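Asker: Please read through the structure below; I'll follow up with questions.
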Amino acid sequence: MEFRRLGRTDLRVSAVCLGTMTWGFQNTEAEGHAQMDLAFDRGVTFWDTAEMYAVPPTAETYGRTEEIIGSWFASRGNRDKVVLATKAIGNAGTGFGWVRGGGAKLDRANLVRAVDDSLRRLRTDHIDLYQTHWPDRPTSRFGARIMPRPSAATDGTPIHETLAVLGDLVKAGKIRHIGVSNETSWGVMAHLMAAERLGLPRIVSIQNAYNLLNRTFEDGLAEVALREDVGLLAYSPLAGGTLSGKYMGGARPPGSRRAIDPRPSRYDKPRAEAAVGDYVAIARRHGLDPAQMALAWAHRQPFVTASIIGATSLDQLRADLDAFAIELPDAVLNEIEAVHTANPNPCP
């Protein structure tokens, strides 16, 4: 297993991060434990979760994934061998009414409560990487293409106030490092400038979607990540399973994400089918599994600290883990770039 430095810290994390959001809905507690056992045995010691998991998010499954991780720590006794990351949601408007009384924000009261609740569910006394799941301010995220007009009336908690609270939680020993998720280039730089100006904690990572169907991270955030040492924790490197080819032709395999989640998929877009077909064809021409090719491609990008992989079966997890030992030949990489040039970012 390859290990990479997390931001400018002295912490090194496995380049594969275990995603967990299926545990508690698609997967039982026992299945989640089995996945953690397998990943840990294969050298994966970096895990990512969130207070709002399992997914699809509901009042009934809220916090359940963290509870499953906590029970695994309690039964295995190896919390000190895992770098644990979790997240707190930002302002969701009228959504997520079951979270902290329906007024979830990234302010002091909410963050202190969110951290304490996560610590209790995870059965630990500290979180290694605590991330804001999305900004308090409106942005174009989760596949939205239009940036809302900035407004002081809707911006929510100022970034420097959020950082101040997180700084106090670091001082208290409840969290060790902080990161952001679903952020923009402006947002990352605003965090960094506020931290430097006010002596507050510096973010060490950004967790955004990154895959062959959505390479928008390269447009501006990649330079920020490289120059400022705020590495990408790439979520959905398989585009929610789309890059495996299993949804081609409108298929909805039983038990798959699209079969159980009523929300529209951000990867079910007009130009996606053609791109997926082209990427699957590249893999097959070169004797590769399409999903493994997609994972191996994301893994090699210089701004990626870790790729977050999730699975619903042990066989799927084994195959995903095997992908990180694959070195893609130049011919494959060149063909991938040709498809991207012809059909760029069909699912931003």
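The values are calculated or read from the model by the stated rules, or taken from the named source; none is laboratory data. This is a predicted model, so every value here is computed, not measured. Glycine also receives a Cβ, built like all others from the backbone with ideal geometry; neighbour counts cover every protein chain displayed.
Asker: Can you find a residue in the range 268-289 that is small (Gly, Ala, Ser), out of contact with any strand residue (DSSP E or B) (no Cβ under 7 Å at 6 or more places or on another chain), under 16 Å from Tyr210 (Cβ atoms) and touching a residue at least 24 places away in the same chain (Cβ under 8 Å)?
Answerer: yes
Asker: Here's something else I'd like to know. So which pairs qualify, if the first residue must be in the range 203-222 and over 18 Å from Cys17 (Cβ atoms) and basic (Lys, Arg), the second must be outside any helix (DSSP H, G or I) and at pLDDT 95 or above, the Cβ gap must be under 7 Å, and the two must be at least 6 apart or on different chains?
Answerer: Short answer, once both residue conditions are applied: Arg215/Asn345.
Asker: A follow-up question, please. Name the residues in the range 116-125 that are buried (at least 16 other Cβ atoms within 10 Å of the Cβ), over 15 Å from Asn78 (Cβ atoms) and over 18 Å from the mean Cα position of the chain (by Cα), would you?
Answerer: Correct list: Asp117, Leu119, Arg121.
Asker: Okay, next question. If you check Asp136 against the conditions, is it over 18 Å from His160 (Cα atoms), out of contact with any Cys (no Cβ under 8 Å at 6 or more places or on another chain) and of a type outside the set (Gly, Ala, Ser)?
Answerer: Criteria not met by Asp136.
Asker: Restricting attention to the range 126-162, and to residues there that are outside any loop (DSSP other than H, G, I, E, B) and of a type in the set (D, E, K, R), which single residue is farthest from the chain's Cα centre (by Cα)?
Answerer: Per the stated criteria, the residue is Glu161.
Asker: Residue by residue through the range 11-62, note down the ones that are over 15 Å from the mean Cα position of the chain (by Cα), of a type in the set (Gly, Ala, Ser) and surrounded by fewer than 22 Cβ atoms within 10 Å (Cβ to Cβ).
Answerer: Hits for the range 11-62 are Ala30, Ala34, Gly43, Ala59.
Asker: Inside the range 272-348, counting only helices (runs of 4 or more DSSP H) that do not spill past its ends, which hold 1 or more residues that are of a type in the set (Ser, Thr, Tyr)?
Answerer: Correct list: 272-285, 330-342.
Asker: Right, another one. Counting just the residues of the range 189-229 that are among the aliphatic types (A, V, I, L, M) and assigned to a loop (DSSP other than H, G, I, E, B), which one comes out surrounded by the most Cβ atoms within 10 Å (Cβ to Cβ)?
Answerer: Ranking the qualifying residues of the range 189-229, first place goes to Leu213.
Asker: Pull out all pairs, ordered by first then second residue, where Cβ-Cβ is under 7 Å, the residues are six or more apart or on different chains, the first lies in the range 186-198 and is over 11 Å from Ile159 (Cα atoms), and the second is surrounded by 15 or more Cβ atoms within 10 Å (Cβ to Cβ) and not aliphatic (A, V, I, L, M).
Answerer: These pairs meet every condition: Leu198/His160.
Asker: Out of the strands (runs of 3 or more DSSP E) lying entirely within the range 1-97, which hold 1 or more residues that are touching a Ser or Thr at 6+ places or on another chain (Cβ under 8 Å) and of a type in the set (A, V, I, L, M)?
Answerer: Counting at least 1 such residues, we get 12-14, 16-19, 83-88.
Asker: Let me ask something else about it. Within the range 281-294, can you find the residues that are within 10 Å of Ile336 (Cα to Cα) and more than 24 Å from the chain's Cα centre (by Cα)?
Answerer: Correct list: Ile282, Ala283.
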